[in-house]
1. Filter the range 88-127 down to the residues that are touching a strand residue (DSSP E or B) at 6+ places or on another chain (Cβ under 7 Å) and hydroxyl-bearing (Ser, Thr, Tyr), then identify the one that is modelled with the highest pLDDT.
2. Can you tell me which of Pro320, Pro263 is assigned to a loop (DSSP other than H, G, I, E, B), buried (at least 20 other Cβ atoms within 10 Å of the Cβ) and modelled with pLDDT of 95 or more?
3. Quick one: count up the residues across the range 1-19 that are farther than 20 Å from Met118 by Cβ and in a helix (DSSP H, G or I).
4. Can you tell me which of (1) more than 12 Å from the chain's Cα centre (by Cα); (2) in a strand (DSSP E or B) is the one Gly167 doesn't meet?
5. Between Gln41, Gln73, which is surrounded by fewer than 22 Cβ atoms within 10 Å (Cβ to Cβ) and modelled with pLDDT of 95 or more?
6. Quick one: Val315 ticks every box in (1) within 22 Å of Ser240 (Cβ to Cβ); (2) among the hydrophobic types (A, V, I, L, M, F, W, C); (3) assigned to a loop (DSSP other than H, G, I, E, B) except a single one, so which number is it?
7. Considering each of Ser240, Ser271 in turn, give the residue that is under 22 Å from Ile326 (Cα atoms), buried (at least 17 other Cβ atoms within 10 Å of the Cβ), of a type outside the set (Asp, Glu) and more than 15 Å from the chain's Cα centre (by Cα).
8. Just need a number here: residues in the range 204-260 that are part of a loop (DSSP other than H, G, I, E, B) and of a type in the set (Val, Ile, Thr).
Amino acid sequence: MPKPIRVLIVDDSPTVRTMLAKSISNAPDIEVVGEAPDPFQARELIIQQRPEVIILDIEMPRMDGLTFLKKLQEHYPVPVIMCSGVASESSKAALQAIELGAVDFVAKPSGGGKEALMLLGEDLAFKIRAATVAVPARAVTPSVPLAIQRTCKAAGIDSSRFVVAIGSSTGGTEALKKVLENVPADFPPVAIVQHMPPGFTKTFADRLNDYSPMTVSEAVNGDLLVPGRAFVARGGVQMSIERSGGRLKIKTGSSELVNRHCPAADVLFDSVADLVGKNAVGVILTGMGADGAQGLLKMRESGAITVGQNRESCVVYGMPKVAAEIGAVQHVTTPENVGNVVISALKKIATPATAR
């Protein structure tokens, strides 16, 4: 039997440390080997216990989590999961931590009883397992993006005819940034499911909006899917699309877990396959597990164009791998080149065969 994953918890709150440790106590493949109230005590425990994953608080006295994360990356490059509050500044810091090399983040527990603790434990255990197989995102030098050189209109594409649906998980925050900063302002409407806790998705959407030529926002029920707009599903709420009055709109649904996720990529992909069919594009990016694979297959079977992130650029080659294995993926590429692939594929649809 494999040895359990050795985890160190670093948080200045004894209550939070206890709740985090208790939440994963039922996972037989995970062992908490130490708890520290600050990075200085954590340093000693790292030397003694050699943890394989560190859960790290963002806001601590004496040394904040981001500063300690930078030191860890230099001296002890172990996978780190940040533990963050959901306030705006904390969520911004959590996303900054991902840029600095953290694998993922989890919302700081705030009570809620046994059920909330159980859900936290399942989520945290999933992230810990993902962290052990994660690899740092590689720097890629992409070819000059077609999307920067021309608009969809110049390529002969009527963006209002199409919808792009994207699903991602571990490593997806940076992958999505690379996708959306390399598409034109008149790109078809984009609906995004990124596995993320409630309270973080608005900050994430705002961050993407800073980088992308498109207008990116957290999805709201009834948002119109129009060219130049991208919508990030709200954490804790399932998102799909619906047709109303002849127009496609965002539809927000229940908080029920699907594939242990809410939002789930399969929920979005299934609705796009049903309503858009051959005028859709499905993209599956880095992430642990299999969410989105079956939905992407359904999209491909309905005539949609499907794209999977390549192994080399994934932080965790899980979701794209499963999708590729079941035949759901037509095109394989890096996040930077997704826009190129989509525009090229849509151009072939828009151009009559006799004209090519």
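The values are calculated or read from the model by the stated rules, or taken from the named source; none is laboratory data. The model shown is predicted, which means the values in this text are computed figures rather than measured ones. All Cβ positions, even for glycine, are placed from backbone atoms using ideal geometry, and neighbour counts span all protein chains on display.
1. Ser91
2. One residue alone meets the criteria, Pro263.
3. Selection size over the range 1-19: 1.
4. Checking Gly167 against (1) more than 12 Å from the chain's Cα centre (by Cα); (2) in a strand (DSSP E or B), the one that fails is (1).
5. Only one candidate passes the filter, namely Gln41.
6. Status for Val315: all satisfied but (1).
7. It is Ser271.
8. 3
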